[in-house]
Amino acid sequence: MAAEFGLDKAVVTHVTHVTHVTHSEWYRTYFYADAKDGWYRDAGGTVHYGLVAGLTVGRAELLVRYGALRTEALNELTPPMYASIGLGLAF
């Protein structure tokens, strides 16, 4: 059994006409008038923390993970939690 903590961070993001990901005038009119195309520094991040447990029986290994997700400012995300179950078999 173990605890886990992680930070996924987008340090630099680039929005250009080359990738066809740009802010349209419609977006600027109805959502955010000051939206700018180009490089964005510190575009945000996600924090995750939780528990991991594993069990090995013979050739089989079972792994279970459960935890919570937050923004780097510790605001709740949707979905607010994660869970996974893994099974491995040795040959």
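Values for this structure:
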| item | result |
| --- | --- |
| Cut-off 14 Å between beta-carbons: net charge of the residues surrounding THR22, Lys and Arg +1, Asp and Glu -1 | 0 |
| Rough spin-label spacing in nm, given labels placed 7 Å along Cα→Cβ, for LEU51 and GLU76 | 2.1 |
| Burial ranking of peptide ranges 78-84, 44-50 (average Cβ count within 10 Å, highest at the top) | 44-50, 78-84 |
| Ranked by how many other beta carbons lie within 10 Å on average, peptides 64-76, 22-34 from highest | 64-76, 22-34 |
| Computed E for LYS36/ALA83 - FRET, C-beta separation, R0 35 angstrom, nearest 0.05 | 0.35 |
| Local electrostatic count, VAL47, Cβ distance below 14 Å [Lys/Arg +1, Asp/Glu -1] | -2 |
| Förster-model FRET efficiency, 30 Å R0, ALA90 and LEU7, C-beta, rounded to 0.05 | 0.35 |
| Whole-number D in µm² s⁻¹ for the chain, Kirkwood Cα-pair radius fed into Stokes-Einstein, 37 °C, 0.692 mPa s | 198 |
| Separation in nanometres of the label points that stand 7 Å from Cα toward Cβ, at TYR66 and ALA43 | 3.4 |
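Each reported figure results from applying straightforward, stated rules to the coordinates on display, with no laboratory input. Note that this is a predicted model, so its numbers are computed, not measured. A quick note on method: Cβ atoms are made from the backbone with ideal geometry, for glycine too, and the neighbour counts reach across all protein chains shown.
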